[in-house]
Amino acid sequence: MRVLEQIGYYFCAVIILILLGFGYYFICSKIDIIVWNNGICSQCQEGHYHFINGGGYGSRYYYQCDNCDYAISFATCPQHK
């Protein structure tokens, strides 16, 4: 009986970790969408972001405003959102 209780605890811990991982992913995606602001610069409100660097596994994507040179970075490519 003790072994079954331990398996139940481990199973619950794995489920909780999976749910926390999905929650973190969706929160980060929502923040990226807010920061992206449909490609309009959040600093000057006039320029548009254009891609300057990024790609590859585990790297970030960098965009820069064509008006004020303000730069932002994302873990995922915002143009596909």
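Considering only the other residues whose Cβ falls under 12 Å of the Cβ of residue 63, what net charge follows from Lys and Arg at +1 and Asp and Glu at -1? Spell out each step's value before the answer.
Numbers: positive: 60; negative: 32, 66, 69.
So the surrounding residues net to -2.
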Taking only C-alpha positions in region 2-80, Rg and Dmax in angstrom work out to 19.2, 66
List, in order, the whole-Hz ³J(HN,Hα) value for each residue of region 30-36 obtained from phi through the Karplus relation with A = 6.51, B = -1.76, C = 1.60 and θ = phi - 60°; use x for Gly and Pro.
5, 5, 4, 5, 5, 5, 4
Given labels modelled 7 Å from the Cα in the Cβ direction, how far is it in nm from residue 42 to residue 24?
2.1
Can you give the net charge of the other residues whose Cβ lies under 12 Å from the Cβ of residue 47, counting K and R as +1 and D and E as -1?
-3
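Taken together, the values in this text are just the output of simple stated rules run on the coordinates, not laboratory data. Since the structure is predicted, the reported quantities are computational estimates derived from the model, not experimental observations. Here Cβ is always computed from backbone atoms with ideal geometry, including for glycine, and neighbour counts include all displayed protein chains.
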